[in-house]
Structures are given as structure tokens and as C-alpha cells.
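Trainee: I have a structure I would like to understand better, so I am pasting it below and will then ask my questions one at a time.
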């Protein structure tokens with residue numbers, strides 16, 4: 001991929017997704033063209049996303065975009081003359097994350113027939129939305145656990161059921177821990193709560209600890225899209241259940257494969 | 001150009017010029033060394049431009065500089081041990097933009113003998129200044145249209161006339177649209193006006209629309225250095241007159257040629 | 001080093017050290033993966049340094065880290081699966097700077113047996129600390145000159161003496177100028193002083209000028225880690241004593257050698 005160029009357009013801050021794509025294209029021999037931050041960019045001068053995309057697609061062979069608005073990547077693809085990869089659009093989708101999530105599960109077990117739990121902010125969390133959608137293509141039972149008000153959006157839940165997925169919602173982590181093969185933990189953002197007390201109340205009751213995991217199936221794996229804050233006790237890092245750092249590293253080969261597909 | 005390094009020193013925000021140079025060096029196989037933003041750089045610690053240039057020229061094979069002060073690139077060249085390319089110095093010059101402007105015009109018509117209109121902020125707009133200076137090397141008639149107070153600087157106009165250029169100033173877009181072969185549109189910045197009302201008054205009377213273009217010569221081309229805000233109606237994008245996105249894409253081969261010349 | 005990746009994690013702003021490492025890896029054919037600024041990174045979301053390092057070490061072949069806290073690089077190395085290079089940790093160490101400092105001295109003279117003066121903020125200046133520690137491996141006499149309150153930390157001075165180094169402290173620049181072979185000048189930050197008057201008083205009395213240098217040994221060399229502000233009169237740049245720009249350029253081959261050692 002020598003001389004091939006991947007433009008990264010991140011309209012929201014991100015370390016790992018951006019770095020993961022940049023590492024992937026570098027491993028393939030190509031180069032990254034980075035739009036620094038939103039402030040440093042023409043959007044600040046009032047340019048439309050359509051114009052930015054039209055211009056940037058004249059500079060690169062593919063575009064990776066992250067944007068705070070749902071549907072932004074789809075819109076970008078309409079105006080781009082090169083392939084566009086969605087690296088997260090608001091509360092919408094995060095497909096490259098989902099591919100690496102599936103890859104990580106498959107390293108440990110076949111996806112078909114498993115029980116998979118999604119924990120945390122299931123309302124705004126795009127990694128959870130993307131993964132749930134992809135899992136509906138398999139024969140999988142979905143278990144959910146989220147604070148009141150942060151449940152899976154009803155329209156998404158309806159789509160998943162329509163696709164034949166069984167969804168079991170739980171009230172406590174203890175309630176589901178013995179029944180699942182995969183624990184997919186996501187961050188609950190403090191901003192979603194009226195005050196610190198209610199945030200800490202929720203976050204501590206969801207926290208994954210070695211004690212909680214003592215009730216788990218032996219082959220259970222714990223995943224997290226990272227960064228984590230308090231959701232997973234650092235003591236879990238040493239446990240054989242912990243797979244989140246491997247999951248993060250899997251971003252490189254999975255994104256290399258995506259780029260090969262898109263740039264070939 | 002494998003292993004060759006281009007340093008980009010942007011003391012003013014810019015997406016497209018910076019990305020265009022970075023894309024050009026990457027297409028040639030080389031690498032970019034980027035000074036993030038002004039804040040993240042030593043200038044904040046009180047270093048002189050001369051010292052910054054002396055140091056950076058020890059790290060790279062060429063430097064591209066954008067700076068808010070006129071003459072900064074020339075000053076930089078004095079202290080650099082490697083070639084310096086001016087990517088815009090205040091209200092001064094923007095020569096790489098001019099080269100791609102000329103290249104885009106020449107794709108459609110010979111430059112000699114044409115009527116070329118410059119519209120917008122001709123006082124502070126360095127792309128207009130650079131282009132006008134370059135066009136004075138050709139036998140070209142220059143048409144100008146700008147808000148009161150934002151006319152072409154008198155010293156530049158005198159230089160152009162001295163070089164034999166005829167300059168015709170107009171009061172309305174309707175007045176010139178039938179007489180020109182190239183319409184070079186530039187942004188008028190809101191900050192130049194005392195209030196929003198006078199800004200909108202001016203910007204709406206200069207706006208290029210399909211209706212305005214119905215009075216144009218058949219082969220007229222519309223150029224714009226981008227980003228645009230309200231100066232060109234998006235409906236014009238579909239018109240055969242619109243050339244601004246090709247113009248933007250032409251930045252890559254033109255800047256590749258400049259880098260080849262400078263790094264050979 | 002084609003396809004090899006160096007991650008630069010700068011939790012403090014820096015132009016020259018970051019650019020110097022980026023240039024070095026580019027000269028070797030490799031690529032840089034840059035975490036923009038601290039704000040744009042996951043640390044802002046509350047991630048621990050340990051997690052950031054674990055993730056980034058999955059993306060790159062080596063990590064260069066600068067961090068405001070002493071010991072951060074050592075901590076990072078514990079959690080990294082790839083080599084970590086310390087590019088400055090608080091008031092701690094700055095070893096790659098020291099290697100290029102030693103290299104620059106050795107270009108002019110053997111290090112053994114010389115008299116070397118450290119001038120400026122010797123309390124917080126990590127370049128001075130690193131260099132002094134390294135020099136204690138040689139038979140060198142150390143001369144120090146610093147404002148009251150900014151002297152070499154007593155613990156470091158004790159370590160140096162323990163290693164057999166003779167340390168001579170001076171009160172004025174005139175007092176030491178005739179007795180040394182190397183003048184290593186560092187910046188004194190205005191923030192260290194209660195008011196501007198006391199800062200200017202100190203900074204002007206330490207300023208290196210051609211007049212001061214008229215009392216120097218013929219082969220004396222003046223070094224500075226840069227950026228400089230007022231510490232060295234620009235008229236000194238032309239003097240045969242000035243070596244600080246060569247010193248800066250020496251950062252490239254020295255860091256190339258470090259990367260070769262670490263990535264081989």
C-alpha cells in the first residue's frame with residue numbers, strides 16, 4: 001500500500017480508534033492524512049460537511065470519519081469519490097469496532113448459540129448498538145443490564161426481535177453472571193446522571209470484580225471497547241476471563257483487513 | 001522521495017493547504033513532519049521565528065510555512081538551511097494556490113487574452129493578490145468587484161498597471177458577468193463588517209447563483225480557493241461552469257511538481 | 001524500518017523533541033503514530049496511564065513518552081509490551097537529550113578531563129539533571145551557576161559527589177567564564193520569580209554575550225537545549241563558540257541510533 005493515503009476525519013476526540021486505523025494503514029505501508037482537531041479545521045469557517053468531504057476525497061484513497069451526528073458517515077459517503085469508513089456516528093453505529101468484537105469472541109468460541117450480555121449505557125452507546133445489530137445475524141441470546149433511562153432504544157430492540165433475537169433484560173449483575181458466555185461492558189458517562197451520588201451508586205453496582213466473576217462460567221470472556229474508568233476492577237486484568245486488551249490489539253489486523261478490502 | 005521529509009509549519013489554522021501538501025509528499029513516497037498547532041509549539045515559550053526555522057530546517061528537507069504576518073516566509077527562508085515554500089503569509093502571497101489556479105484555468109482555455117474577474121475581499125485576500133500578480137505576466141484584462149473598503153490595495157493595483165495590465169472595476173455582479181471568461185470568487189469574512197446586516201447585504205448581492213450564471217459566456221469557469229460559505233449557491237455545483245472542486249484536486253499534482261522541483 | 005511504528009505520547013507540549021524523534025524514525029523509513037494533545041486523548045475520559053500504555057503498545061513497536069510527572073516513563077515501561085523511551089518526565093530525566101549533548105561535546109573535545117558549567121534553572125531543569133548524572137560517569141569537574149532557590153537539588157548533588165564528581169558553585173558568570181571548556185546554558189522560566197523585575201534582574205545578569213565570551217577559553221563551546229529566550233544574545237550565533245544549532249541537529253542521528261538499538 002506504498003503511497004496509498006487514508007484520511008482520518010475525527011470530528012470528535014478519539015485516541016484508540018484513530019490510532020488503530022493509523023497503525024493499520026502504516027502496517028500496510030500506507031500513510032495517514034489527518035485533519036487535526038475540529039477547531040483547526042475549515043468547519044470552523046462555516047464549511048458544510050459535503051464540501052469538506054468533496055475536498056478531502058480529492059486528497060486521499062479512503063476516508064475514516066467520526067462525527068457526533070448519527071448518519072454523518074452515510075451522508076459523507078454520498079459526497080465522497082473514495083470509500084468512506086464509519087468510525088462512529090453519534091449514537092448510531094461503530095462497525096469497525098463491531099468487527100473486532102466479533103473477531104475477539106470467535107477467537108474464544110463459536111458465536112452461534114452463545115449467551116451474550118451487554119452492560120452499561122445501552123441507550124447512547126454506539127458500540128453496543130453496532131454489536132447487537134451484528135449479533136442478530138447469528139443465533140444468539142442477548143442479555144441486557146443498564147441503568148434506568150439508559151436501556152436499549154425501543155426501535156433497535158424491535159428490529160433485533162424482528163430478526164429473531166431473544167432479548168432478556170436483567171436488574172443486577174448477579175442475576176445474569178452465571179448465564180452468559182460473553183460479558184460486554186461499556187462505560188456509563190457521568191454526564192448522564194443528575195448528580196455524582198446517583199452516578200456512583202449505579203457505577204459501583206455494575207462494577208465487574210473478581211468476586212462477581214467467581215459466579216461466572218469457566219469460559220466466560222469479559223470485553224470492553226475501552227477506555228474504561230471504574231467499570232472493571234483492575235484486579236480483573238490478571239483473570240483468565242479478561243480479554244479487553246487482546247480485543248484492543250485485535251483492532252489492528254481487523255482494520256488492516258477492512259483497508260485491504262476497501263483500497264484493493 | 002522515500003525517507004525525504006517535508007515539515008509543515010502552520011501558524012494559522014488551515015485544513016486544505018496543509019492536507020494538500022501532506023498528500024502531495026505522501027504520493028511522492030515522502031513523509032510529513034507536522035508542528036501541531038501554534039499553541040503546542042515553542043513559539044508559546046517566546047522563541048523567535050528565526051530560531052524555530054533554524055531548528056526545524058535541521059529536521060527536514062523542506063519547510064512549508066503559513067504565518068499571519070506578511071513577509072514571514074521570506075524571513076524564514078533567510079534562516080533556513082533547506083528550501084522554504086510560502087503557504088500564505090498574512091495578506092501577502094499564496095503562490096502554491098496561484099500555481100494551481102493558473103493550472104486549472106489553462107485546463108479550460110489559454111490564459112493569454114482572457115478576461116478574468118476577481119470577486120470578494122480583494123483587500124485582505126492573499127489568494128486574489130497572488131493570482132493578480134501572476135496574471136500580470138500574461139496579457140489579461142482584470143475585472144474587480146468588492147465591497148466598499150475591501151478593494152484591491154492601491155499599491156498592488158499600481159504595480160499591476162505598471163506591468164501593463166488593464167483593470168476594470170465593477171459595481172455589481174450583473175455588470176460584469178457577460179464580459180468575463182473566469183469568475184474567481186473569494187470569501188468575504190463577516191469580521192470585516194460593522195454588523196451582521198451589512199455583511200448579509202453584501203454577501204447576498206455577490207452570491208453566485210444559476211440565475212446569475214444564465215447571463216454568462218458559455219465557456220465561463222467559476223473558481224474559488226475554498227472553503228466557501230455563502231458565496232456560491234450549492235445549485236451551481238452541478239453546472240458545467242463549476243470548476244472549484246477540480247481546482248482543489250489540482251492542488252495535489254501541482255504541489256507534487258513544486259516538491260519535485262524543490263527536493264530534487 | 002519500513003512498516004515499523006513509533007508512537008509519540010506527549011502529555012506536555014514540545015516541538016523539538018517530538019519532531020526530532022519523528023524525523024529520526026522517518027529517516028529510518030518508519031512511521032510515527034501520534035497522540036495529538038492531552039486534551040484530544042482518552043486521559044481526558046479518566047483512563048489511567050497504565051491502560052493507555054497497554055493499548056498504545058498494541059499499536060506500535062516502541063513508545064516515546066513525555067509526561068509532567070517524575071517517574072512516569074518508568075511506570076509506563078512496566079505496563080508496555082514494547083520498548084519505552086523517556087522523552088522527559090517532570091523535573092526527572094531527559095536521557096535522549098543527554099545523549100545528543102554528550103555527542104555534541106565529543107565532536108569538539110574528549111569529555112574526560114573537561115570543566116563543564118551548567119547555568120540557569122538547575123533545580124527544575126531536567127536536561128541539566130540528566131546531563132549532570134551522565135557526566136558523573138566521566139572524570140569531569142562541574143561548575144554551577146543558578147539563581148537563589150534554583151540550585152541543583154541537594155540529593156542529586158550528593159549522588160554526583162558520591163560518584164566522585166567535583167562540583168564548584170559560582171556567583172557570577174564572569175567568575176567562571178575563564179575556567180570552563182563547555183558552557184551549558186538553560187532557560188530560567190519567568191514563572192519561578194515573584195515579579196518581572198526580579199526575573200529580568202537575574203536573566204540579564206546571566207545573559208551570554210560576545211563581551212562575556214571575550215574572557216573565555218578559545219575552544220569553549222556554548223550549548224543550549226533550546227528553545228532559548230533571552231539567555232543567549234543572538235550576536236553569539238555568529239561566534240565560533242556557538243554550537244547550539246549543531247547540537248539541535250545532532251538530535252536526529254543520535255535518536256536514529258537509539259531507535260535502531262530499541263527496534264532491532
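Computed from the coordinates by the stated procedures, all read-outs in this text should not be read as laboratory data. Quick caveat: nothing in here was measured; it's all calculated off a predicted structure. Cβ placement follows ideal geometry from the backbone for every residue including glycine, while neighbour counts extend to all protein chains displayed.
Trainee: Could you give the semi-axes, largest first, of the ellipsoid that matches region B:42-81, computed as the square roots of 5 times the alpha carbon gyration tensor eigenvalues and rounded to whole Å?
Mentor: 15, 13, 9
Trainee: For chain C, with a Gaussian network of springs between Cα atoms less than 10 Å apart, report the residue from C:226, C:183, C:122 with the top mean-square fluctuation.
Mentor: C:226
Trainee: Let me ask something additional. Out of A:117, A:77, A:148, any idea which swings most in a Gaussian network model of chain A, alpha carbons joined below 10 Å?
Mentor: Among A:117, A:77, A:148, the largest GNM mean-square fluctuation belongs to A:148.
Trainee: Add -39500 (n - 2.57) for each DSSP H run of 4 or more in chain B, then divide by its residues: what number comes out at 222 nm, to the nearest 500 deg cm²/dmol?
Mentor: -10500 deg cm²/dmol
Trainee: Just to confirm the numbers: residue A:238, label point 7 angstrom along the Cα-Cβ line, distances to the other copies in nm, shortest first?
Mentor: The projected label point of residue A:238 is separated from its counterparts by 6.7, 6.7 nm.
Trainee: Sort region A:123-190 into rounded, prolate or oblate with this rule: let a ≥ b ≥ c be the square roots of the eigenvalues of the Cα gyration tensor; rounded if a/c is under 1.5, and if a/c is not under 1.5, prolate when a/b is larger than b/c, oblate otherwise.
Mentor: oblate
Trainee: Relative to 2.2 N^0.38 Å, what does the C-alpha radius of gyration of the protein assembly as shown come to as a ratio? Two decimals please.
Mentor: Here the answer is 1.08, to two decimals.
Trainee: Per-residue mean of other chain beta-carbon atoms within 10 angstrom of the beta-carbon, peptide A:251-258?
Mentor: 1
Trainee: Output the 0 to 90 degree angle, nearest 10, between the alpha-carbon long axis of helix A:95-108 and the longest principal axis computed from the alpha carbons of chain A.
Mentor: Helix A:95-108 sits at roughly 50 degrees to that axis.
Trainee: Let me ask something else. Evaluate the relative contact order of region B:95-248 (contact order divided by residue number), counting alpha-carbon pairs under 8 angstrom at least 6 apart; express in whole percent.
Mentor: 25
Trainee: Here's a follow-up. What's the center-to-center distance, using Cα atoms, between region B:46-76 and region A:43-75 in Å?
Mentor: Answer, in whole Å: 31.
Trainee: Between residue A:139 and residue A:235, what is the label-point separation in nm under the 7 Å Cα-to-beta-carbon projection?
Mentor: Going from the residue A:235 label point to the residue A:139 one covers 4.0 nm.
Trainee: What are the label-to-label distances in nm, one decimal and shortest first, from residue A:46 to the same spot in the other copies, with labels 7 Å along Cα to Cβ?
Mentor: For residue A:46, the other copies' label points sit at 3.9, 3.9 nm, shortest first.
Trainee: For Cα pairs less than 8 Å apart in space and 6+ apart in sequence, what is the mean separation divided by the residue count of chain B, i.e. the relative contact order in percent?
Mentor: 17
Trainee: Test of understanding: ordering B:138, C:184, B:244 by Cβ neighbours within 10 Å, fewest first, what list do you get?
Mentor: In order of increasing Cβ crowding within 10 Å: B:138, B:244, C:184.
Trainee: Gaussian network model of chain C, Cα springs within a sub-10 Å range: biggest mean-square fluctuation belongs to which of C:55, C:84, C:254?
Mentor: C:55
Trainee: Going by alpha carbons, how many degrees (0 to 90, nearest 10) lie between the helix axis of A:126-135 and the longest principal axis of chain A?
Mentor: 80
Trainee: If you line up the long axis of helix C:244-263 against the longest principal axis of chain C, both from Cα atoms, how many degrees apart are they, to the nearest 10?
Mentor: Tilt relative to chain C: about 30 degrees.
Trainee: Other chains near C:20-32: what is the mean number of their Cβ atoms within 10 Å of each residue's Cβ?
Mentor: 5
Trainee: List the extent of the Cα atoms of chain B along each of their three principal axes, largest first, rounded to whole Å.
Mentor: On the principal axes, chain B reaches 54, 39, 38 Å in Cα extent.
Trainee: Also, I was wondering about something else. Give the shape of region A:104-247 as rounded, prolate or oblate, defined through the alpha-carbon gyration tensor: a ≥ b ≥ c are the square roots of its eigenvalues, a/c under 1.5 means rounded, and otherwise the shape is prolate if a/b is larger than b/c and oblate if not.
Mentor: Note, shape of region A:104-247 comes out oblate.
Trainee: Percent antiparallel among DSSP beta bridges with both residues in the protein assembly as shown, to the nearest 5?
Mentor: DSSP beta bridges in the protein assembly as shown are roughly 0 percent antiparallel.
Trainee: I would also like to ask the following. To one decimal in nm, how far is residue A:29 from the same spot in the other copies, if labels go 7 Å from Cα toward Cβ? Please give the shortest first.
Mentor: Between copies, matching label points for residue A:29 lie 1.2, 1.2 nm apart.
Trainee: Now for a separate question. Quick check: convex hull of the Cα atoms in region C:73-174, volume per residue, rounded to a whole Å³?
Mentor: Dividing the Cα hull volume of region C:73-174 by its residue count gives 110 Å³.
Trainee: Looking only at chain C, where both bridge partners belong to it, what percent of the DSSP beta bridges are antiparallel (to the nearest 5)?
Mentor: Taking every DSSP beta bridge with both residues in chain C, the antiparallel ones total about 0 percent.
Trainee: Provide a whole-number value for the mean count of partner chain Cβ atoms within 10 Å of the Cβ atoms in peptide A:206-219.
Mentor: Shielding by partners across A:206-219 averages 0.
Trainee: Determine one quarter of the surface area of the Cα convex hull of region C:5-90, which equals its mean projected area, and express it in nm² to one decimal.
Mentor: Reported value for the Cα convex hull: 4.9 nm².
Trainee: Can you give the FRET efficiency for residue B:262 and residue B:78, using 1/(1 + (r/R0)^6), R0 = 22 Å, r = Cβ-Cβ distance, to the nearest 0.05?
Mentor: That pair, residue B:262 with residue B:78, gives E of 0.85.
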